[in-house]
1. With a cap of 13 neighbouring Cβ atoms within 10 Å, and only residues DSSP puts in a loop, list the trypsin sites (Lys or Arg not before Pro) found in the range 56-110.
2. Between their Cα atoms, which of LYS68/LYS132; LYS15/LYS132; LYS15/LYS37; LYS67/LYS132; LYS37/LYS126 are more than 26 Å away from each other?
3. Roughly how many Å² is the accessible area per residue of the range 1-48, as a whole number, for a 1.4 Å probe?
4. Using the basic label-point model (7 angstrom from Cα toward the beta carbon), what is the TYR75 to GLU122 distance in nanometres?
5. At GLU87 and LYS67, where each label point lies 7 Å from the Cα along Cα→Cβ, what is the point-to-point distance in nanometres?
6. What's the extension gain from PHE130 to GLU51 if we count 0.36 nm per residue and subtract their Cα-Cα distance?
7. Please report the accessible area of GLU30 (heavy atoms, 1.4 Å probe, ligands and nucleic acids excluded) in Å², nearest 10.
8. Checking the a/c ratio against 1.5 first, then a/b against b/c, what shape does the Cα gyration tensor give for the range 53-105?
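The values are calculated or read from the model by the stated rules, or taken from the named source; none is laboratory data. Only a predicted model underlies this, so the values are computations on that prediction, with no experimental measurement involved. Reconstructed Cβ throughout: ideal geometry from the backbone, glycine too, with neighbour counts over all protein chains shown. Side chains included, ligands, DNA and RNA excluded: accessible areas come from the protein's heavy atoms. Shrake-Rupley method; radii C 1.70, N 1.55, O 1.52, S 1.80 Å.
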Amino acid sequence: KDANAQCTLVAISCKDFGAQLLPSWTEAFENALCKGKDAGRFEVVRITITEGRIAKLLSPFIASGAKKNVPEEDYANTLLYYGDAEEMRDILRMHNIYTGYVFLVDGIGRVRWAGSGEGSDEEVEKMIEFAKLLTQPSERFVRDKKQLASSGRPRVGKKLPRQSR
């Protein structure tokens, strides 16, 4: 339950065209942050939304098609959603179903940044910088940690008075 503990890039698409735009964001994010010493703090989750009444009936065919488009190492972080997603799309302002959307989500599930379409080099660079900022401890945390280390004694909480019954 720490906002700075983790940063997740959630990539959402409703149509195949939108899914083809997402690697401009996800590949750069994975290459820059999901490898190395802090790799455990970053992850990418892909969500494919299929809306319509017949979607559930066609789900086996849709899933087999998705397997062909998703690398095997990404299966664990790929979700297929079948059904009505109008309310979710409205909340996340995903009004164009033909594009892809990306969201940076902090360690407690808050959407902290959003992008859509194909990411330009500048946009992707800014997203990666912001993701790094999201996982840095706050200034207050760093200051308190330094004070504890410099005091040379263990931190003791204030003792609460006993309540009489």
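1. LYS56, ARG93, ARG110
2. Going by Cα-Cα distance, LYS68/LYS132; LYS15/LYS132; LYS15/LYS37; LYS67/LYS132 fall outside the 26 Å limit.
3. For the range 1-48, the solvent-accessible area averages 50 Å² per residue.
4. That separation, rounded to one decimal, is 4.2 nm.
5. 3.2
6. 25.3 nm
7. About 40 Å², rounded to the nearest 10.
8. It is oblate, given that a/c is not under 1.5 and a/b is not larger than b/c.
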